[in-house]
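Note sheet for the following structure.
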Amino acid sequence: MRDHPRHPRHPRPLDTGAPTPVWTGRATNRLQWVAAVLGAGCMALGITLAVDSPWTSGIAPVLMAVIGCVAAGLLVLFGTLAFVHVEVKVDDQAMEVRCGHIGVPRRRILLSQVVGAEYLPRVTPHEWGGWGYRWRPEKGKAVIVRRGEALLLRLEGGRTFTVTVDDAESGVRVIRDRLRPPAPTGTTGV
């Protein structure tokens, strides 16, 4: 059987133009699923109230309860699912952070903007004000999905970016290796 020119038997991989990751790290917080279930329960309560309203005092209280429950449920559900896990990829040009199952919020930091990287052995959500994408004037920006080790980038202009991720120490080494200036090639002494 001959290969058709348009459909070869062994197609070449697609070139997406995306750089190949040198290091990938990930962190997960299964406790966030509890909050997501509570958010889904709140939405279910709102829907139940809308479908089978036992209140006889008018439509306004029922409508406010339904909207309140559904809105709170959506906010909690999607807010927590966005930070159930985080994935960090480092390539030769940048570090990219993607949160949740759809990768949003997403942050890409060019390594040319990084002046240093540090390993933090213990970061807690408490010191950042909770889970999620955080900003504290005295500390910078962070993605915090759980307590534990983290990777901290020192950026140009004195800014910082922290992300909790497993095996952060390896990620710091990979980033530092890419920040070093290239070694000088042989010098000629004339």
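The values are calculated or read from the model by the stated rules, or taken from the named source; none is laboratory data. Please read these numbers as outputs of a predicted model, since none were measured by experiment. All Cβ positions, glycine included, derive from the backbone under ideal geometry; neighbour counts span all protein chains shown. Note: accessible area is taken over every heavy atom of the protein model, side chains too, but ligands, DNA and RNA are not part of it. Shrake-Rupley method; radii C 1.70, N 1.55, O 1.52, S 1.80 Å.
Within segment 63-95, being open to solvent by 60 Å² or more (accessible area, probe 1.4 Å) and either over 23 Å from the mean Cα position of the chain (by Cα) or among the small types (Gly, Ala, Ser) (or both) holds for Leu63, Met64, Ile67. The residue that is farthest from Leu31 (Cα to Cα), counting only those in segment 107-131 that are open to solvent by less than 80 Å² (accessible area, probe 1.4 Å), in contact with a strand residue (DSSP E or B) (Cβ under 7 Å, 6 or more places away or on another chain) and among the β-branched types (Val, Ile, Thr), is Val114.
Which residue, of Arg146, Arg134, Arg154, is under 12 Å from the mean Cα position of the chain (by Cα), open to solvent by 10 Å² or more (accessible area, probe 1.4 Å) and either within 18 Å of Asp91 (Cβ to Cβ) or in contact (Cβ under 8 Å) with a residue 40 or more places away in the chain (or both)? Steps first, answer last, please.
On the way: Arg134 fails: either within 18 Å of Asp91 (Cβ to Cβ) or in contact (Cβ under 8 Å) with a residue 40 or more places away in the chain (or both); Arg154 fails: under 12 Å from the mean Cα position of the chain (by Cα).
The match here is Arg146.
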